[in-house]
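A short worksheet on the structure shown next.
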Amino acid sequence: MKNAIVFGATSGIGKSLTKILIKEGYKVAITGRRLEKLDALKKEYPNNILVKQNDIQEVDDVEKVFNEIVTEFKTIDLVVQSSGVGYVNPKLDWGKEQQTVLTNVLGVTKLYVLAYKLFKVQQFGHLVGITSIASIRGSRAAPDYFASKAYQKSYLEGLYIKTKSIKSKKVFVTDIRPGFVDTPMALGEKLFWMVPLEKAANQIYTAIKKKKRVAYISKRWRLVAWVLKIIPAWLLKKAT
């Protein structure tokens with residue numbers, strides 16, 4: 001049986017992906033702030049889930065929880081980072097900006113580092129980061145969120161490049177870039193190309209199985225990414 005950790009499994013993509021992993025034969029350690037949500041998921045799969053309450057903003061606690069899971073599982077095959085916050089914040093309220101940076105940058109970086117170092121010792125493992133189509137460009141409505149996702153994208157690419165130094169060649173890094181998925185994290189109103197949560201989770205699992213370097217969810221968002229990469233900033237300024 002393979003072992004996985006899903007950070008941010010209380011709802012949305014993390015919760016749905018956990019269910020898929022269990023059906024595919026994984027034992028899964030799930031984390032998140034809301035213990036009641038984690039316990040409810042464990043009741044569905046009592047023999048396949050280990051619950052560890054965790055707030056990813058508490059960096060020292062992230063390491064403690066991660067090490068506890070490794071001690072219990074012995075080896076880890078897959079780490080999925082699905083924790084995240086985001087706000088439509090055109091007025092740049094500092095409290096919201098700070099929450100985004102603490103979660104999406106500081107906490108996520110700590111987890112990425114822990115996973116990479118473990119996999120280097122093990123000589124195998126797969127790190128999956130749920131970033132976003134938002135990682136491609138900036139945004140006037142949520143500059144902190146878009147910037148934090150760009151940071152994650154770049155960091156994952158850096159770790160991918162670093163795997164060259166791992167002799168086994170069995171450590172993989174996948175960047176999942178969803179467009180609009182039908183979860184509370186979907187920022188804004190009247191969003192187009194909204195992807196149902198179940199469909200998104202299944203496509204993410206397929207990308208994990210194929211050990212893809214980058215996957216857009218759904219696939220049509222690759223076209224949006226291509227347009228965003230080439231469009232000039234002055235045009236974005238007028239259009240958004």
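The values are calculated or read from the model by the stated rules, or taken from the named source; none is laboratory data. Worth saying up front: this structure is predicted, and the values here are computed from it rather than measured. Reconstructed Cβ throughout: ideal geometry from the backbone, glycine too, with neighbour counts over all protein chains shown. Remember, those area values only see protein heavy atoms, side chains included, never the ligands or the DNA or RNA. Shrake-Rupley method; radii C 1.70, N 1.55, O 1.52, S 1.80 Å.
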Return the carbon/sulfur percentage of the accessible area of the chain, one whole number, probe 1.4 Å, all protein chains in place. 55 percent
Nearest 10 degrees, 0 to 90: what angle lies between the long axis of helix 143-162 and the longest principal axis of the chain (Cα atoms)? 50 degrees
Given the alpha-carbon gyration tensor of the chain, what are the semi-axes of its equivalent ellipsoid in whole angstrom, ordered largest first, with each equal to the square root of 5 times an eigenvalue? 28, 20, 18
Probe 1.4 Å, accessible area per residue of the chain, Å²: 51 Å²
Can you compute the helix-only [θ] at 222 nm over the chain? Use -39500 (n - 2.57) per DSSP H run of at least 4 residues, normalise by all residues, nearest 500 deg cm²/dmol. -14500 deg cm²/dmol
Overall dimensions of region 32-118 by Cα: Rg and Dmax, Å: 14.7, 47
So what are the radius of gyration and Dmax for the Cα set of region 114-160, in Å? 13.2, 43
Degrees between helix 108-122 axis and first principal axis of the chain (Cα, 0 to 90, nearest 10): 40 degrees
Along its principal axes, what span do the Cα atoms of region 1-65 show, with the longest given first and each in whole Å? 31, 22, 19
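If you count, for each residue, the other Cβ atoms within 10 Å and average over each peptide, how do 79-90, 117-128 line up from highest to lowest?
Per-residue Cβ counts within 10 Å, averaged per peptide and sorted highest first, yield 79-90, 117-128.
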